[in-house]
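To keep things clear, I will list the structure first and then write my remarks on it.
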Amino acid sequence: MNTSKKVGALVLVELGASGFSLINLKVMGALARLGEFTSLEVDLLVAGKDCAAAAAMAARVPGIRQVLLADDDRCEHQLPETLAPWLAHLAQDYAYVCVGATTFGKNLLPRIAALMDLQPVTDVVAIESANEFKRPVYAGSALAHLRTEQSIKLLSIRASAFGEVALGESSAEVVAITPPPSQTISRFISQQQVQSERPELTAARVVVSGGRGMQAGENFQLLYQLADKLGAAVGASRAAVDAGFVPNDMQVGQTGKVVAPELYIAVGLSGAVQHLAGMRDSRVVVAINKDADAPIFQAADYGLVADLFEAVPELIELL
Amino acid sequence: MKILVAIKRVVDPGVRVRPLADGSGMDIASAKMAMNPFCEIAVEEAIRLKEQGLASEVVVVSIGQQTVQDQLRSALALGADRALHITTESILEPLAIAKVLHALVQKEQPQLVLLGKQSIDGDHNQTGQMLAGLCGYPQGTFVSHIECKGDEVWVTRELDGGLQTLALKLPAVVTTDLRLNQPRYPTMPNIMKARQKPLVVIPLAELGLSLQPRLQTISIDAPKARQQGIKVNSVAELVDKLRQEAKVL
Ligand SMILES: Cc1cc2nc3c(=O)[nH]c(=O)nc-3n(C[C@H](O)[C@H](O)[C@H](O)COP(=O)(O)OP(=O)(O)OC[C@H]3O[C@@H](n4cnc5c(N)ncnc54)[C@H](O)[C@@H]3O)c2cc1C
Ligand SMILES: Nc1ncnc2c1ncn2[C@@H]1O[C@H](COP(=O)(O)O)[C@@H](O)[C@H]1O
């Protein structure tokens with residue numbers, strides 16, 4: 001353990017449909033790793049509307065100093081036009097500002113960075129020292145090992161690369177802070193929140209993904225049945241999303257979600273580099289494809305050359 | 001309404017790239033190059049807005065070596081009106097690119113700036129958000145639908161948990177996602193015509209910006225390779241392997 005003077009880290013807490021997101025616990029997992037190199041004092045910032053419950057959850061993150069809470073109309077929907085100038089100011093007191101590399105973090109962190117005249121390190125998958133990080137480039141075809149001497153380090157964390165910390169019982173202090181001033185350049189209109197009974201894609205222990213080979217949206221029922229047997233989440237290739245079989249939030253890959261479950265079952269998808277970028281760190285990969293030469297077999301631990309419309313029902317049967 | 005579109009030259013998405021053995025970079029010296037796919041979508045959207053009479057002029061800009069003019073010419077062939085090439089031999093970080101674009105926004109005063117959500121080489125997904133911050137403009141990121149409504153642009157954003165619609169006051173910065181549109185191909189006559197369209201070259205130094213890199217690359221290495229797997233002959237064998245060998249069921 002490092003005993004040098006403590007430095008501050010601020011975590012920008014993501015609020016999901018049901019409050020405190022799991023991703024925040026992964027960000028804490030990354031900070032635990034960072035803590036092996038520098039002694040940290042961590043604050044969690046919760047900015048939103050009606051988010052006291054999320055703040056109470058945040059307060060149960062072990063080892064933190066405090067939760068900063070801005071519960072206010074102005075923070076509703078976390079618009080970056082409102083939050084970024086304010087956070088750029090708050091961030092001055094910290095050595096690290098961290099957020100998950102989700103659409104929330106990707107939207108917000110670069111705007112804060114520009115206002116602070118800083119270059120963030122995004123999609124961090126490994127922490128090598130207090131100022132050295134690794135991030136994937138070229139759809140994960142390579143890992144860039146980077147160093148930065150910037151006095152404030154802005155990091156976005158890939159959930160798939162870090163373990164999550166468990167919430168404890170004791171509770172850190174929740175300190176109310178003044179919310180940001182309002183702005184008039186952007187306005188929230190509406191949100192279509194996806195409701196699913198199944199586990200969240202990036203948090204699931206098992207993921208079943210379908211591609212163009214599924215042929216139609218209704219055929220995804222097969223995968224849902226399989227998923228329900230396995231307690232799995234369901235993902236898709238870009239081709240399946242583009243064809244309108246399933247909604248965009250199911251896309252796994254370079255430009256979609258990155259997952260690293262214990263078991264990934266790829267069904268009727270070819271395994272393009274862009275898709276592999278989103279699942280190559282899964283522990284066990286299964287591919288079901290009727291083309292024996294499909295590239296997905298090179299990334300699979302277990303490959304089954306078969307027609308999915310025969311193999312998947314049989315698989316459901318045997319489980 | 002004037003639209004500024006930022007486009008980047010990248011390795012063609014169909015090319016499989018690898019890091020150099022010495023860790024100094026990627027082995028791309030002879031790779032086929034292309035316009036970043038997200039930038040193609042941005043150009044297409046700008047042209048559609050012009051065709052609908054909602055935009056008056058489409059200006060495309062790229063920052064990089066001489067060769068980025070290939071992609072600028074493609075954008076002109078697709079229907080952009082004029083091009084700006086900011087010349088530099090350096091690979092700039094997103095913050096630096098955003099600063100250059102900010103300088104151009106001040107000069108050109110576009111109402112809408114379109115960028116790709118992500119360049120497929122660096123996979124940063126930062127430049128649009130940074131530019132919006134520097135300009136003090138609203139931002140619509142990862143956008144799959146755009147609608148102009150008076151002095152606002154309404155954008156639908158692809159989020160991890162669904163779709164979100166925002167109203168942004170113009171001038172605004174919008175970054176494109178894959179589902180925004182399906183880009184067209186240039187026609188032969190338009191490729192010929194594009195040669196006559198204005199392409200202005202501006203040396204980066206003329207913009208008088210300070211753009212020191214903030215990150216040092218120590219090395220670029222291949223990720224850990226996956227172990228070679230096996231083929232199973234039946235669903236029953238697969239289930240057995242998953243239970244007995246992989247122990248994931
Ligand atoms: C900028 C950019 C970003 C991208 N981002 C992503 C991304 O994030 N995620 C992503 O997935 N892709 C992404 N792509 C797309 C990627 O390059 C591929 O086009 C896509 O992944 C292909 O999807 P697919 O495998 O479902 O389709 P295909 O490549 O068409 O493969 C379909 C497969 O199904 C098999 N099949 C067909 N019928 C059956 C059957 N009855 N039984 C068994 N097998 C069958 C076929 O043999 C084939 O291998 C991106 C591309 C670009 C250019
Ligand atoms: N060198 C460049 N020249 C012009 N535009 C760029 C350049 N680099 C990035 N951009 C723009 O910024 C977007 C996002 O890139 P990035 O933040 O690098 O992922 C790209 O899709 C382009 O629209």
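Overview of values
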| quantity | calculated |
| --- | --- |
| Potential extension, B:Ser30-B:Gln216 segment - 0.36 nm per residue separation minus Cα distance | 64.5 nm |
| DSSP-defined beta bridges in region A:1-136 - what % are antiparallel, rounded to 5 | 25 |
| Sequence-distant residues sharing a close amide H with A:Gly303 (under 5 Å, placed H) | A:Ala287, B:Ile230, B:Lys231, B:Val232 |
| Cα-based helix-to-principal-axis angle, A:23-34 vs chain A, degrees rounded to 10 | 70 |
| Stretch gain in nm, segment A:Ala126-A:Gln192, where the contour uses 0.36 nm per residue and the Cα spacing is subtracted | 20.4 nm |
| HN-Hα J in Hz across region A:163-171 - Karplus 6.51, -1.76, 1.60, θ = phi - 60°, x for Gly and Pro | x, 9, 7, 8, 5, x, 9, 5, 10 |
| Between 0 and 90°, nearest 10: helix B:94-108 axis offset from chain B longest Cα axis | 20 |
| Mean separation of Cα contacts under 8 Å, 6 or more apart, over the residue count of chain A: relative contact order % | 14 |
| Residues listed by number, region A:221-246, amide nitrogen under 13 Å from A:Leu319 label point at 7 Å toward C-beta | A:221-235 |
| Spin-label model distance (nm) - B:Asp151 vs B:Ala225, 7 Å beyond Cα toward Cβ | 6.1 |
| Inter-label distance, nm, simple model (7 Å from Cα along the C-beta direction), A:Glu149/B:Gln106 | 2.7 |
| Cα-based shape type of region A:201-318, given that a ≥ b ≥ c are square roots of the gyration tensor eigenvalues and the cut on a/c is 1.5 | rounded |
| Mean separation of Cα contacts under 8 Å, 6 or more apart, over the residue count of region A:7-176: relative contact order % | 30 |
| Antiparallel DSSP beta bridges within region A:201-318, as percent of all bridges there, nearest 5 | 0 |
| Cβ-placed point charges (K, R +1; D, E -1), dipole of region A:7-176 about Cα centre in debye, nearest 20 | 520 |
| Top positive-direction residue, dipole computed over the protein assembly as shown with Cβ charges, set A:Ala227, A:Ile189, B:Val173 | B:Val173 |
| Using a Förster distance of 56 Å, the FRET efficiency for A:Glu76-B:Arg82 (Cβ separation, nearest 0.05) | 0.85 |
| For the protein assembly as shown, share of DSSP beta bridges that run antiparallel, in % to the nearest 5 | 35 |
| Filtered trypsin sites (Lys or Arg not before Pro), region A:3-107: DSSP coil and at most 11 other beta carbons within 10 Å | A:Lys5 |
| Lysine pairs within chain A, Cα separation less than 20 Å, 8 or more sequence positions apart or different chains | 11 |
| DSSP-loop trypsin sites (Lys or Arg not before Pro) across region A:256-319, with at most 13 other Cβ within 10 angstrom | A:Arg283 |
| The protein assembly as shown, dipole about Cα centre (Lys/Arg Cβ +1, Asp/Glu Cβ -1), debye to the nearest 20 | 1000 |
| Cβ-Cβ FRET estimate between B:Ala21 and A:Arg283, R0 fixed at 30 Å, reported to 0.05 | 0.60 |
| Under 23 Å between alpha carbons - lysine pairs in region B:146-249 that sit 8 or more apart or on different chains | 4 |
| Under 12 Å, Cβ to Cβ, from A:Glu262 - net charge with Lys/Arg +1 and Asp/Glu -1 | +1 |
| Estimated dipole of chain A in Debye, rounded to 20 [Cβ of Lys and Arg +1, of Asp and Glu -1, Cα centre] | 640 |
| Qualifying trypsin sites (Lys or Arg not before Pro) in region B:182-234, DSSP loop, other Cβ atoms within 10 Å at most 16 | B:Arg184, B:Arg195, B:Lys224, B:Arg226 |
| Given chain A, longest segment not containing exposed loop GluC sites (Glu not before Pro) (DSSP; at most 10 other Cβ within 10 Å) | A:1-148 |
| Chain lengthening between B:Met192 and B:Leu207 when straightened (0.36 nm per residue, less Cα-Cα) | 2.3 nm |
| Euclidean distance of C-alpha centroids, region B:199-240 and region A:7-40, integer Å | 24 |
| Relative contact order of region B:2-224, defined on C-alpha pairs under 8 angstrom at six or more residues apart (%) | 26 |
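No value in this document is a laboratory result; all are computed from the given coordinates. Quick caveat: nothing in here was measured; it's all calculated off a predicted structure. Methodologically, a virtual Cβ is constructed for each residue, glycine included, from the backbone with ideal geometry; neighbour enumeration extends over all protein chains shown.
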